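Below: one structure, written as structure tokens.
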Amino acid sequence: MHRDNIEFLDELPPEVEQKVTQGHEEHETFHGVVCDYQTFSIVAHNDDGEPIGVLNAYSAYAELYVDDIWVDARHRKQGYGTRLLHALEERYEGKGYNNINLVTNGFQAAGFYEKCGYEIEFSRPNAHHPKLTKTFFVKYFNGTPQTKGVL
């Protein structure tokens, strides 16, 4: 029996990250797909150039994933969250992506996402902490299915 040394890291060393990426790419290529994982952010600024809203996201295969949206408390309920989501949709519409995915907790903005046209796929109730119940949303791009991610 062999022993593995397991460690928790806050960040992978570059050489480990490179090995993992190479391994994923080889596996994907073998199966005729490519992830093309990319992280990005969309920032809304006020007239003084101060950031007042941020949408963090990533792309993988033929999907986009919203990690989080933040709008400064002084600027909420003024349409900035909607504008950030619309900017995401406009930027990636027709660029090979089929849909946008996001997850929100019970205490956050499920109603907001529904008003923006996102559909509930499913919810994962948290019986011990209902405010932490997760709701998974999706919004499909109109048009024909895209083939991003297929070699």
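The values are calculated or read from the model by the stated rules, or taken from the named source; none is laboratory data. Keep in mind it's a predicted model, so treat the numbers as computed, not measured. Positions of Cβ are generated from backbone atoms using ideal geometry, with glycine treated the same way; all protein chains shown enter the neighbour counts.
Details
- Flag for Val43 being touching a helix residue (DSSP H, G or I) at 6+ places or on another chain (Cβ under 8 Å), at pLDDT 95 or above and over 20 Å from Tyr97 (Cβ atoms): no
- Within region 49-65, the only residue that satisfies the criterion of being in a loop (DSSP other than H, G, I, E, B), in contact (Cβ under 8 Å) with a residue 24 or more places away in the chain and not aliphatic (A, V, I, L, M) is Tyr61.
- Of all residues in region 66-92, those that are more than 13 Å from Phe40 (Cα to Cα) have Cβ atoms under 8 Å from Cβ atoms of residues that are in a loop (DSSP other than H, G, I, E, B) and of a type in the set (A, V, I, L, M), 6 or more apart or on another chain, in Gly81/Ala109.
- Unmet requirement for Tyr118, which otherwise passes all of (1) within 20 Å of Phe141 (Cβ to Cβ); (2) modelled with pLDDT under 95: (2)
- Matching residues in region 71-107 - criterion: being in contact with a helix residue (DSSP H, G or I) (Cβ under 9 Å, 6 or more places away or on another chain) and either charged (D, E, K, R) or over 22 Å from Gly149 (Cα atoms) (or both): Val71, Asp72, Gly81, Thr82, Leu85, Thr104, Asn105, Gly106, Phe107
- Residue within region 29-43 that is loosely packed, with under 13 Cβ neighbours inside 10 Å, in contact (Cβ under 8 Å) with a residue 40 or more places away in the chain and among the hydroxyl-bearing types (Ser, Thr, Tyr) present: yes
- Checking region 15-24 against the condition returns a match, with at least one residue being assigned to a helix (DSSP H, G or I), hydroxyl-bearing (Ser, Thr, Tyr) and under 23 Å from the mean Cα position of the chain (by Cα).
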